1. Mind checking which residues of region 1-18 are touching a helix residue (DSSP H, G or I) at 6+ places or on another chain (Cβ under 9 Å) and in a loop (DSSP other than H, G, I, E, B)?
2. How many of the residues making up region 19-61 are in a helix (DSSP H, G or I) and either touching a residue at least 24 places away in the same chain (Cβ under 8 Å) or not aliphatic (A, V, I, L, M) (or both)?
3. If a residue must be surrounded by fewer than 10 Cβ atoms within 10 Å (Cβ to Cβ) and either under 19 Å from residue 45 (Cα atoms) or in contact (Cβ under 8 Å) with a residue 40 or more places away in the chain (or both), how many such residues does region 1-18 contain?
4. What residue, among those in region 23-76 that are closer than 21 Å to residue 10 by Cβ and aromatic (Phe, Trp, Tyr), is least open to solvent (accessible area, probe 1.4 Å)?
Amino acid sequence: IRPHIVWFGEIPLHMAKIDKLISEAELFVSIGTSGQVYPAAGFLKLAKAAGAKTVCINKEEVPQSKFIDVFIQGNA
């Protein structure tokens, strides 16, 4: 049985719905990511461009730091 996760190089299921929800979000929280694998690595930028407040909880900063309003360093 395949786990319900996205492997490297794959596009997430329901990508059109994800894009719609991100564009409508008031708050977007990114938790425990490297910020290196697309399309998920672009979600912070999309949310910020749509006007959402963005929060990142992570052990280290991510490349998208200029799109983050609040960064909380630590474990997810």
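1. The initial filter retains those residues of region 1-18 that are touching a helix residue (DSSP H, G or I) at 6+ places or on another chain (Cβ under 9 Å), namely 6, 12, 18.
Within region 1-18, 6, 12 qualify.
2. In the first step, residues of region 19-61 are kept if they are in a helix (DSSP H, G or I); the result is 19-24, 40-49.
Narrowing further to those that are either touching a residue at least 24 places away in the same chain (Cβ under 8 Å) or not aliphatic (A, V, I, L, M) (or both): 19-20, 22-24, 40, 42-48.
Adding up the residues that qualify gives 13.
3. 1
4. 43
The rows are residues; the columns are (1) over 12 Å from the mean Cα position of the chain (by Cα); (2) of a type in the set (Ser, Thr, Tyr).
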residue	(1), (2)
11	yes, no
20	yes, no
28	no, no
31	no, no
42	no, no
54	no, yes
58	no, no
62	no, no
65	no, yes
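The values are calculated or read from the model by the stated rules, or taken from the named source; none is laboratory data. Because the structure is predicted, anything quoted here is derived from the model rather than measured. Cβ sites come from the backbone with ideal geometry, for glycine too, and all protein chains shown count toward neighbours. We work out accessible area using only protein heavy atoms, side chains counted, and drop any ligands, DNA or RNA first. Shrake-Rupley method; radii C 1.70, N 1.55, O 1.52, S 1.80 Å.
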